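Working notes, beginning with the structure itself.
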Amino acid sequence: MRMVTGLSVLVLGIGGIGHAVVTSLETGIERVDPFRDMKNRPGDTNGTNILVVGTDGRDRITPEQKKKYRLGGAPCRCTDTVMLVHISKDRHRASVVSLPRDSYAEIPEHTDATTGKRHKPHPVKLNAVYAEGGPALTVRTVEDMTDVKIDHYLEIDFTSFMKTVDAVGGVEICTARPMKDSHTGLDLPVGTHKLNGGQALQYVRSRHVDGAADLGRMQRQQRFLAALVDRVTSSGVLLNPVKFRTVTSTMLGSVRADKGFGTEQMLALRRAMQGFTAASSEFTSVPVGDVGHRVKGIGSTVKWHPGKSRKLFQLLRDDKPLAPHRPNRPSATPVDVSPQQIRVQVYNGTPVDGLGDRVDKALRGTGFATTRAPLNIGNGAVRRTYVTYDPRWDRSAKSLRAALPGSELRPVKNQGPTLKVVAGADYKAVTPVRAEDPHHGEFGAVTGDQVVCP
């Protein structure tokens, strides 16, 4: 859940102002050597692979913050987030793959970083690897699981997360359904919200918003990271020396990186990625085959889908995109239900010839499953466009209304799943909409511009 800060360091480093600023950034980062004495590693790949891990740092949060944002509990020496970031060779694309923290992992023989005891290979949950062997064992285990060679390592402490978000002026998030989690205190109504640091921490930590638990949380983390990238690359932070120094100084106290990730590497990325935007990033999670794989002495683990996960990591090794190509389309309003799942019958409620056909085509163009057979209604004197719907399909009705700004919703019991649109004299155009969590392609990968606010 702390990947945002680490990726911020990367984004700010590649888009920085000059050698002196980036050099000052490098000198503030604590160094680790996760690649020492590593043997039998995967082969080199095109592009750059960065392992980003988030470690627990709640012991450095103030009592007031703990109470306000419900950050109780004892800190642990473990990773709460593991992400593999691939930056393409041409520096035009960044692919972010979330590795579930409860993933079933088999770690190699090693010496325990805490006790000094020698351990034989054995199964664990992925988030427990760090506690046994620190950064080096984490890198070895992830390389064994993915067959992807890690080029750089970033380790994040989430204590600076809130200050980082505040330093960039907050991050905008859109919600198509209410989000409430009693465990974190998150309480967001439907709409657009500019989150401060504390609210952002609640957003990326929440696991009880819906039934998706950790998998849903990873999707929200990815959405937040896309919004942060969009905020940083579009708000002038990278071009303003004062803002740049303020943002980077809030992060440096909690970032550790390998010795090879220095000034020259950051400057090379900066030169190559001048045009980097939210659309240049793509996000997905490792395909899962079994979310309740039981292991004696460990409990329930998440087992990766063997075939799909191998194919996913092969794409990274081959430096190919994970999200399918999409034609350029206008920004779309996020909705709760995908328009492809909503069947619509259109009626022309005016004397204007062909209006029903225009509305039908426009709704179909943004994804709704229209009947393609619009009808005329009554005396043709409808002034305001309205939608009739069965109350059992109220979420679909709200999604359809978002595509028809200013329209009225009228519940009709026992109407069934087909929604009816009566176009009135006030009709102007259909607003493009999309499901809040769009998943396209084999791996459900989405680009950043698909999940930021329109």
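The values are calculated or read from the model by the stated rules, or taken from the named source; none is laboratory data. Because the structure is a prediction, the values reported are computed rather than measured. We place every Cβ from the backbone using ideal geometry, glycine too, and count neighbours over all the protein chains shown. Surface accessibility is based on the protein's heavy atoms, side chains included, excluding ligands, DNA and RNA. Shrake-Rupley method; radii C 1.70, N 1.55, O 1.52, S 1.80 Å.
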- Query: In the neighborhood of ASP319, defined by Cβ-to-Cβ distances under 10 Å, what is the net charge if each Lys or Arg adds +1 and each Asp or Glu adds -1?
  - Reply: +2
- Message: Computing the accessible area with a 1.4 Å probe over protein heavy atoms, can you report the carbon and sulfur percentage for region 303-454?
- Response: 49
- FRET E, pair ALA381, ARG410, Förster distance 22 Å, beta-carbon r, rounded to 0.05: 0.85
- Item | Linear extension gain, LYS361 paired with HIS305, 0.36 nm per residue minus alpha-carbon span | 16.2 nm
- Return the whole-Å distance between the Cα centroid of region 372-431 and the Cα centroid of region 281-325. 41
- Points 7 angstrom from Cα along the Cβ direction at ALA373 and LYS120: gap in nanometres? 7.1
- Net charge of neighbours whose Cβ lies under 9 Å from the Cβ of GLY197, counting Lys and Arg as +1 and Asp and Glu as -1: 0
- Task: Please state the charge dipole magnitude for region 299-454, taken about the Cα centre, from unit charges on C-beta atoms (+1 on K and R, -1 on D and E), reported in debye and rounded to the nearest 20.
- Result: 260
- Please name which of SER103, ALA200, HIS183 has its Cα lying farthest along the dipole of region 90-207 towards the positive end, using unit charges on Cβ (Lys, Arg +1; Asp, Glu -1) and the Cα centre as origin. HIS183
- Per DSSP, loop trypsin sites (Lys or Arg not before Pro) in region 313-412 with at most 14 further Cβ within 10 Å: ARG372, ARG383, ARG384
